[in-house]
1. Of everything in segment 170-219 that's of a type in the set (Lys, Arg) and open to solvent by 60 Å² or more (accessible area, probe 1.4 Å), which residue is farthest from PHE113 (Cα to Cα)?
2. Among all residue pairs at least 6 apart or on different chains, which show Cβ distances below 7 Å where the first residue, located in segment 176-192, is of a type in the set (Asp, Glu) and the second is open to solvent by 10 Å² or more (accessible area, probe 1.4 Å)?
3. Could you please find all residues in segment 136-169 being open to solvent by 30 Å² or more (accessible area, probe 1.4 Å), in a loop (DSSP other than H, G, I, E, B) and small (Gly, Ala, Ser)?
4. Can you find even one residue in segment 195-213 that is in a loop (DSSP other than H, G, I, E, B) and in contact with a helix residue (DSSP H, G or I) (Cβ under 7 Å, 6 or more places away or on another chain)?
5. With respect to GLY117, is the statement that it is assigned to a loop (DSSP other than H, G, I, E, B) and closer than 22 Å to PRO189 by Cα true?
6. Got a number for residues in segment 117-135 being crowded, with 19+ Cβ neighbours inside 10 Å and either modelled with pLDDT under 95 or among the basic types (Lys, Arg) (or both)?
7. Check whether at least one residue in segment 146-155 is within 19 Å of GLN89 (Cα to Cα) and more than 17 Å from the chain's Cα centre (by Cα), and report yes or no.
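The values are calculated or read from the model by the stated rules, or taken from the named source; none is laboratory data. This is a predicted model, so every value here is computed, not measured. Cβ atoms come from the backbone with ideal geometry, glycine included; neighbour counts cover every protein chain shown. Keep in mind that these areas ignore ligands, DNA and RNA; they rest on the heavy atoms of the full protein, side chains included. Shrake-Rupley method; radii C 1.70, N 1.55, O 1.52, S 1.80 Å.
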Amino acid sequence: MRSKVQWASALALAATIMTTLFGAQGSGAAALAPVLVQAQSNLDPIFVSKPVVQSLPSEDGADATDGTALEDQDDASQDTPVDADTLAQLVAQQSVPGRLNSEMRCLASAIYFEARGETLEGQLAVGRVIINRAESGRFPASYCGVVYQPSQFSFIQGKKMPKVREQSSGWREAVAIAKIAVEKSWKSPVKGALFFHATRVEPNWRLTRLARVDNHIFYR
């Protein structure tokens with residue numbers, strides 16, 4: 001008798017649950033809620049680019065375009081929390097590996113040869129331009145591809161890079177700045193920049209000028 005009562009109770013409970021479920025599906029709320037939650041968790045930021053226009057050759061530095069440049073999704077906010085009040089403190093905190101992979105070496109070398117001796121902010125600005133280009137979809141999709149793209153950087157001669165003095169403080173700074181630039185752990189002084197040239201030249205580019213940092217003028 002007890003087993004029959006228990007069985008009847010179980011059937012009644014199951015019927016109640018089914019009725020509740022079918023009733024909820026009719027309203028759409030319960031059926032859609034898990035889908036909406038999943039969609040929210042999978043959302044990625046969408047960036048809209050401006051029209052691509054023909055590139056013009058460089059005059060000592062990164063090249064220009066005949067029109068408005070692509071505004072890169074640069075570091076609007078720091079991606080990596082840091083415990084430093086100044087960029088100099090953050091650079092001092094960076095460990096310099098004995099061996100870099102090819103991409104980081106290309107990035108650090110470009111910072112070293114293009115902005116060695118300038119302020120840390122100037123070096124960071126140069127590094128961010130290279131990263132912005134690699135991420136823009138308009139230039140080679142790697143740091144080495146950007147650095148070795150023909151007629152872009154004056155220190156590249158015959159498709160070769162000069163030898164780096166790896167024991168120098170300048171190289172250590174360049175490697176540290178390259179790491180900070182990649183991690184976006186410090187805001188770029190020229191957010192969204194894709195182009196720059198040395199202050200000693202006047203290429204007459206039709207671009208949006210952002211700022212001068214040390215010996216370079218940056219544009220987007």
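1. First, pick out the residues of segment 170-219 that are of a type in the set (Lys, Arg): 172, 179, 184, 187, 191, 200, 206, 209, 212.
Adding the requirement that they be open to solvent by 60 Å² or more (accessible area, probe 1.4 Å) leaves 172, 187, 191, 200, 206, 209, 212.
Values: ARG172: 13, LYS187: 22, LYS191: 22, ARG200: 17, ARG206: 26, ARG209: 23, ARG212: 18 Å.
Of everything passing the filter in segment 170-219, ARG206 is farthest from PHE113 (Cα to Cα).
2. From residues that are of a type in the set (Asp, Glu), the pairs are GLU183/ASP79; GLU183/THR80.
3. Result: GLY137, ALA141, SER142, SER151, SER154, GLY158.
4. First pass over segment 195-213, keeping only residues in a loop (DSSP other than H, G, I, E, B): 199-208.
Now drop any that are not in contact with a helix residue (DSSP H, G or I) (Cβ under 7 Å, 6 or more places away or on another chain), which leaves none.
No.
5. On the way: assigned to a loop (DSSP other than H, G, I, E, B): yes; closer than 22 Å to PRO189 by Cα: yes.
Here the answer is yes, as GLY117 does meet what is asked.
6. Number satisfying all stated conditions: 2.
7. Restricting attention to segment 146-155, the residues satisfying the condition of being within 19 Å of GLN89 (Cα to Cα) are none.
Among the residues of segment 146-155, not one is within 19 Å of GLN89 (Cα to Cα) and more than 17 Å from the chain's Cα centre (by Cα), which makes the answer no.
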